[in-house]
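Just so you know, all these numbers are worked out from the coordinates, no wet-lab data involved. These figures come from a predicted structure and were not determined experimentally. Cβ: placed from backbone, ideal geometry, glycine included. Neighbour counts: every protein chain shown.
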Amino acid sequence: MSGNAATVLPLKQIDAFVTLQAHVLEEERHFPGATGTLSWIISALSISAKTIAAKLKRARLEDVLGEIGLENVQGEKQQKLDVIANNVLSQVLQGRQGVGVIGSEEDDELLVIDASDAGGTRYAVYFDPLDGSSNLDVGGSVGTIFSIFRCEPGSEQQLGRGRLQVAAGYVLYGSSTIFVLTTGFGVHMFVLDPAVGAFIRVARNLRIPLAGKSYSVNEANIEGFPPGIQRYLAECRQRGYSSRYAGAMVADVHRVLLKGGIFLYPPTTRSPAGKLRLMYEANPMAMILEQAGGMATTGQQPILDVEPDSLHQRVPVILGSPADVQRLMDISAGV
Ligand code: P6P
């Protein structure tokens, strides 16, 4: 059984003049008393994405590919463009009224922005500036992932459960530059039109197919997966599933969102808590998937219910079509 593929509008029906900015202003109607601060922050993410996309297109020509010879707090080798993308996002966001906290995969600690002259609601923005950046040298897809919470004065250092996010999304820098966003009222997709420099809405209220026919996992780690997951993957192969894995979460999750199926980064021998980070990878993707009718779990509980204990905390990630995720959970529970 599989539902229809997500509703992506054919060209003739694209809201040619509904830009990301116009869409976000439309969405403000869901927030009585909205001051426009959240819209202004999403606008910052949009200009950051356009800037990063332009830099990626010219990376090889301007010799900014490759590693800088340093490791980030994760112990991962930093690509030059990791640092460039991180600087773009951090500088643009710090210039926006209403940003109270910035948390980045590339920075050891949270950056709390002085609130002395701040009035009104402030927000915490967590992001992975260039997810999958090791794909850059080989022309693979990479992405930016972001998660936005309200933050009350004095609580800037507190991390909230994913269920409390007010917005989440990602940018996929691939054959085109795609911006996917939810503010809690459905999942909407935009494509950058380089001719006008605007993100144009191409799909509203994306719904993930109820089931898919592919799984996305790094099978090199399979011996270290929990037995239930190994059994589930074996059943998928028996049922004729394809295997698709880009090695960049944004690319893999975007495929699952549009085509259905399941993405997983389970616990492995090397990473018993999994590899993906809760605050700026698992949480935002989980909000997107749940808003699109999918499921997102650690295998023990919904990702959005995990009580965070640190900025760079890792969790196992299993997300995708409800029928596929539920089947994995049933097999793991011996059902
Ligand atoms: P592996 C990229 O480094 C990343 O953080 C995610 O984008 C991706 O899903 C995962 O790690 C890939 O990890 O161990 O399969 O290379």
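How about region 264-332: which trypsin sites (Lys or Arg not before Pro) there are in a DSSP loop, with at most 15 other Cβ atoms within 10 Å of their Cβ? Counting only loop positions with at most 15 other Cβ atoms within 10 Å, the trypsin sites (Lys or Arg not before Pro) in region 264-332 are 270.
The helix-based estimate of mean residue ellipticity at 222 nm for the chain, built from -39,500 (n - 2.57) per DSSP H run of four or more residues and divided by its residue count, is -8000 deg cm²/dmol to the nearest 500. When you restrict to C-alpha pairs under 8 Å that are six or more residues apart and normalise by the size of region 83-173, the relative contact order lands at 24 percent. Placing +1 on the Cβ of every Lys and Arg and -1 on the Cβ of every Asp and Glu, with nothing else charged, gives region 12-204 a dipole about its Cα centre of roughly 820 debye. Ranking of 249, 285, 329 by neighbouring Cβ atoms within 10 Å, starting from the fewest: 329, 249, 285.
Considering only 191, 53, 101, and ranking their Cα positions along the charge dipole of region 12-204 that arises from unit charges at the beta-carbon of Lys, Arg, Asp and Glu, the one farthest toward the positive end is 191.
When peptides 238-248, 195-205 are sorted by average Cβ neighbour count within 10 Å, with the highest value leading, the order is 195-205, 238-248.
Cα-based count: Lys pairs in the chain below 20 Å, eight or more positions apart or different chains?
Details: 50/80; 55/77; 55/80; 57/80; 77/275; 213/259.
Here the count comes out as 6.
Charges were assigned to the Cβ only: +1 to each Lys and Arg, -1 to each Asp and Glu. The resulting dipole of the chain about its Cα centre is roughly 1260 debye.
Determine, at each q value in 0.12, 0.13, 0.16 (inverse angstroms), the log₁₀ of I(q)/I(0) that the Debye formula gives when each Cα of the chain is one equal point scatterer. Relative scattering, expressed as log10 I(q)/I(0), comes to -0.82, -0.97, -1.48.
Highest-first packing order for the peptide set 57-64, 172-179 is 172-179, 57-64, based on the mean count of other beta carbon atoms within 10 Å.
Only bridges with both residues in region 214-332 count here: give the DSSP antiparallel percent, nearest 5. So the antiparallel bridges amount to about 70 percent of the total. The phi torsions of region 128-136, fed into the Karplus equation with coefficients 6.51, -1.76 and 1.60 and a -60° offset, translate into couplings of 9, x, 8, 6, x, 4, 5, 6, 4 Hz, rounded to whole numbers, with Gly and Pro shown as x. Simple rule: put +1 on each Lys or Arg Cβ and -1 on each Asp or Glu Cβ in region 207-335, find the dipole, and look at 334, 254, 226; the Cα lying farthest toward the positive end is 254.
Over all projection directions, the Cα-based convex hull of region 23-91 averages an area of 6.3 nm². Each of 77, 259 was scored by other Cβ atoms within 10 Å of its Cβ. Listed from fewest to most, they are 77, 259. With respect to the chain, whose longest principal axis is taken over its alpha-carbon atoms, helix 80-94 is tilted by about 50°.
Each part gets one Cα centre, and for region 265-292 versus region 139-181 those centres are 13 Å apart. Within the chain, antiparallel bridges make up roughly 85 percent of the DSSP beta bridges whose residues both belong there.
For region 214-332, the dipole from Cβ point charges (+1 on Lys and Arg, -1 on Asp and Glu) about the Cα centre works out to 400 debye, to the nearest 20. Taking packing as the residue-averaged number of other Cβ atoms within 10 angstrom, the listed peptides 125-136, 28-39 run from highest to lowest as 125-136, 28-39.
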